[in-house]
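Participant: First the structure, then my questions, so here it is.
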Amino acid sequence: MYLRELTQSVSTLKGAGPSICARLARLGIYTVADLLLRAPRDYEDRSRAVSFREALKTGSPANTVGVVAAHDWFGYGRSRTLKILVDDGSATASLVCFNRAFLADRHPPGSRVRVTGTLALRFNELQSASFEIEAAAEGQGPEAGILPIYPLTDGLAQGTVRRLAARALSEYGRRAEDELPVRVRELRGLPHKARALEELHAPSSPEAAEQAHRALAYEELFYLQILVRRRAAARAERPVDRPSAAPGRAGLRERLVERLPFRLTPDQERVAAEIAADMERPRPMARLLQGDVGSGKTLVAFLAVLKAVESGGQAALMAPTELLARQHAQTAARLLEPLGVRLAFLTGNLKDASRRPLLAALAAGEVDLVLGTHALFSEDVEYRRLALAVVDEQHRFGVLQRLALARKGGVPDLLMMSATPIPRTLALTVYGDLEVSTIRAMPPGRKPVITHLARQGNESKVYEFVRKELAQGRQAYFVYPLITESEASELKNAQDMARNLAEKVYPGIPGGLIHSRLPDEEKRSVMEAFTRGELRYLVATSVVEVGVDVAAATCMVIEHAERFGLAALHQLRGRVGRSDAQSYCFLVYSGNLTEDGKRRLKAMMETTDGFLLAEEDLRIRGPGEIAGIAQSGSLRLAFADPVRDADLLEAAREDAARIVERDPGLLEPEHRVIREVLERANPFPAESSGA
Ligand code: ADP
Ligand code: MG
């Protein structure tokens with residue numbers, strides 16, 4: 001029996017009543033398989049007895065058996081607190097039972113108990129406030145093996161999950177069949193599935209637990225790689241028909257370049273040529289364009305769009321937020337419309353009355369370039385001949401959205417753009433067949449943004465500095481972590497600060513407020529007024545984080561900067577420094593910085609290089625989140641971490657490649673799991689029944 005076929009509810013396990021099941025559901029555990037595949041977040045080694053005396057001497061947690069010598073109470077009324085004194089023969093420890101008075105009845109004086117916990121010498125007493133205690137049978141020793149520590153939720157006890165997992169293991173897990181092909185398992189020296197599950201939940205040693213995690217991680221990466229490889233192979237097999245030049249559409253790219261007020265940088269020229277060459281090959285392009293914030297990726301994307309239009313195709317450009325999509329639409333209107341390129345703008349907010357004619361025009365091929373949000377790829381959108389799909393700020397989109405994209409209207413060329421550089425190994429994990437182009441140098445004349453740290457309390461100096469910039473015709477952003485006042489938080493918020501800045505700090509200077517909860521109409525008019533320079537400063541949340549491009553803005557003030565992630569800080573700082581004027585970024589932080597908060601601010605002070613910051617981010621946060629693979633539906637990685645497990649990833653890549661491309665014989669014909677994965681991996685499900 002395959003583990004993934006264990007779809008019966010956890011409620012079939014003895015001891016799992018409705019309220020426990022409801023709590024397990026909050027952890028995403030519904031079936032027996034979910035429970036068996038829940039990785040303990042850590043283990044506690046109780047395989048060795050540690051007496052109270054030894055614990056005090058060595059500092060390691062006690063793990064011992066003793067007798068309750070007495071109860072003791074201190075405090076009054078509601079704060080009356082129980083102490084249980086336990087003597088294990090080496091010493092007497094006092095267990096302080098905050099809010100656990102019920103333990104008095106459970107462990108009366110004279111009863112035998114097992115105790116684990118950390119101890120400290122306090123008020124001349126050996127004390128523990130963080131301990132576990134349970135009744136011990138006569139003759140029972142303290143050794144209890146290695147215990148799993150599961151992630152929990154409110155009202156769910158560690159002991160409950162342990163008991164249920166143990167039950168699931170003995171009733172089902174030990175009979176689990178291998179899902180990996182036998183030959184792969186032998187080649188990689190991986191344990192049998194049933195064995196891995198057993199060592200996961202009831203390890204015989206710390207090393208065995210580690211082995212089990214690696215085996216399960218390998219398995220996840222293996223299936224991920226099968227998916228990715230299969231998708232890559234399918235793309236490569238697909239010839240694309242590339243019509244020659246469309247009448248009246250020649251030379252669009254040259255005309256765009258001529259009209260620009262500046263020259264393309266050598267990097268822009270190089271990557272544009274790489275992309276153009278891809279778009280002439282007989283197989284569809286899948287390319288990631290990396291380049292730091294402000295390096296000029298949009299223009300490169302437009303050149304690719306024109307290339308598609310020159311040969312009579314349509315292009316779609318998708319941005320993660322409506323704000324950014326709209327800005328791209330405006331840039332396109334300025335740069336492309338004069339060349340005769342027919343544009344449309346499509347977001348989820350478009351009313352039916354205007355949406356219907358737009359969809360009709362798209363399907364009839366009367367639109368050359370459509371810009372918008374992920375609504376561009378919803379079910380009812382049809383293209384006449386989608387030749388190119390551009391995804392801006394692709395790290396904001398999940399893997400699944402990218403899959404959906406691949407299904408639209410045959411196989412378009414795919415250009416993904418990101419300012420968050422992805423390590424190559426990780427890129428390969430997610431895309432398999434992805435080529436990468438990188439813009440390294442910024443357009444000429446840019447001065448690096450000067451970054452200042454300011455402690456909260458000194459922000460009036462920052463405001464004064466900004467006032468001088470505003471007086472010279474420059475513009476500024478003020479960014480806050482919250483939109484509006486929150487009871488739970490002392491943080492400054494955008495709404496109140498917009499009022500405060502307007503009334504007290506910059507009276508007479510027009511400013512605007514923008515955040516995600518404003519009506520679209522208002523967002524648009526505020527953004528446009530700021531772009532035109534009518535609003536001199538903009539108070540915002542991180543909605544302005546991605547893509548916003550207003551060259552006259554030279555000041556970025558981020559208050560409660562410690563609350564923002566490194567990628568967000570870098571993106572926010574990237575909103576300024578977009579012209580040859582000197583720009584400034586002020587990171588205003590409030591006290592009580594966490595370690596991570598400190599590291600982030602320090603990194604921001606040390607470099608403006610997005611690649612270095614991305615690496616540091618990777619170290620602080622771990623990779624899953626960065627590549628957008630943490631929450632990507634069926635590709636969820638619970639055990640594997642593509643960066644930490646780089647060696648496993650490499651092995652899984654090799655094995656998957658062998659199976660998909662060279663040696664499907666490795667695959668036993670009856671291997672249902674892989675066939676199912678291959679089925680899912682087919683990116684062209686509707687058309688490919690015979691393929
Ligand atoms: P990003 O790579 O972050 O998407 P943008 O495409 O928004 O960057 O470009 C940032 C700014 O740089 C824009 O205002 C754009 O007009 C300008 N820009 C792009 N290419 C050049 C160039 N070769 N020379 C000067 N300015 C450029
Ligand atoms: Mg951009």
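Participant: If you wrap the range 123-246's Cα atoms in a convex hull and average its projection over all directions, what's the area in nm²?
Facilitator: Averaged projected area of the range 123-246's Cα convex hull equals 17.3 nm².
Participant: A further question follows. List the pair-distance distribution P(r) of the chain, using every Cα-Cα distance, as the percent of pairs falling in each 20 Å bin from 0 up to the bin containing the longest distance, rounded to whole percents.
Facilitator: 15, 38, 33, 12, 1
Participant: Scan the chain and note any complete DSSP helix (H) whose C-alpha atoms cover at least 27 Å along its axis and whose Kyte-Doolittle average is -0.5 or more.
Facilitator: Qualifying helices, which must be both long enough and hydrophobic enough, are 206-237.
Participant: Now for a different question. Grab the eigenvalues of the alpha-carbon gyration tensor for the range 238-332, scale each by 5, take roots, and send me the semi-axes largest first in whole angstrom.
Facilitator: Each semi-axis is the square root of five times an eigenvalue, giving 21, 16, 15 Å.
Participant: Under 23 Å Cα to Cα from residue 297, which lysines show up? Leave out anything in the same chain fewer than 8 places away.
Facilitator: Partners within reach: 307, 447.
Participant: While we're here: Under the classification rounded if a/c is under 1.5, otherwise prolate if a/b is larger than b/c and oblate if not, where does the range 128-174 fall, given a ≥ b ≥ c as square roots of the Cα gyration tensor eigenvalues?
Facilitator: The shape class here is oblate.
Participant: With the convex hull built on the Cα atoms of the range 559-604, state its orientation-averaged projected area in nm².
Facilitator: 3.2 nm²
Participant: Skipping prolines and chain starts, which residues have an amide H placed within reach, meaning under 5 Å, of the one on residue 31, given they are 5 or more residues away or on another chain?
Facilitator: 10
Participant: Starting from the Kirkwood Rh over alpha-carbon pairs, what translational D in µm² s⁻¹ does the range 48-143 have by Stokes-Einstein at 25 °C and 0.890 mPa s?
Facilitator: My calculation gives 186 µm²/s for D.
Participant: To one decimal place, what Kirkwood hydrodynamic radius in Å is obtained for the range 428-494 from all pairs of distinct Cα atoms?
Facilitator: One decimal place: 16.8 Å for the Kirkwood radius.
Participant: What residues have an amide H closer than 5 Å to that of residue 70, excluding those fewer than 5 places away on the same chain, when H is modeled at 1.01 Å from N in the peptide plane?
Facilitator: So residue 70 has HN proximity to 85.
Participant: Taking the solvent-accessible surface of protein heavy atoms with a 1.4 Å probe, what is the per residue accessible area of the chain in Å²?
Facilitator: 45 Å²
Participant: Continuing with this model, one more query. Taking amide hydrogens as modeled 1.01 Å from N in the peptide plane, which residues meet the under 5 Å criterion relative to residue 551, leaving out close sequence neighbours?
Facilitator: none
Participant: How many Å³ per residue does the convex hull of the Cα positions in the range 229-273 occupy?
Facilitator: 111 Å³
Participant: Kirkwood Rh and Cα-based Rg: tell me the resulting Rg over Rh for the range 182-260, rounded to two decimals.
Facilitator: We get a ratio of 1.48 for the range 182-260.
Participant: Nearest 5 percent is fine: what portion of the DSSP beta bridges confined to the chain is antiparallel?
Facilitator: If we restrict to bridges inside the chain, about 40 percent are antiparallel.
Participant: Just the Cα atoms of the range 91-190, one point each, no solvent: what log10 I(q)/I(0) does Debye give at q = 0.10, 0.15 Å⁻¹?
Facilitator: Reported log10 I(q)/I(0), two decimals: -0.48, -0.84.
Participant: Continuing with the same structure: Loop sites only, by DSSP: take the GluC sites (Glu not before Pro) in the chain that have at most 14 other C-beta atoms within 10 Å and name the longest stretch containing none of them.
Facilitator: It runs 1-137.
Participant: Over all pairs of distinct alpha carbons, what does the Kirkwood formula give as the hydrodynamic radius of the range 450-607, in Å?
Facilitator: 15.6 Å
Participant: Just grab the label-to-label distance for residue 638 and residue 516, each label 7 Å out from Cα along the Cβ direction, in nm (one decimal).
Facilitator: Label-label distance for residue 638 and residue 516, simple model: 2.8 nm.
The values are calculated or read from the model by the stated rules, or taken from the named source; none is laboratory data. These numbers were taken from a predicted model, which means no experiment stands behind them. Positions of Cβ are backbone-derived with ideal geometry, glycine not excepted, and every protein chain shown enters the neighbour counts. With ligands, DNA and RNA removed, areas are computed over all heavy atoms of the protein, side chains included. Shrake-Rupley method; radii C 1.70, N 1.55, O 1.52, S 1.80 Å.
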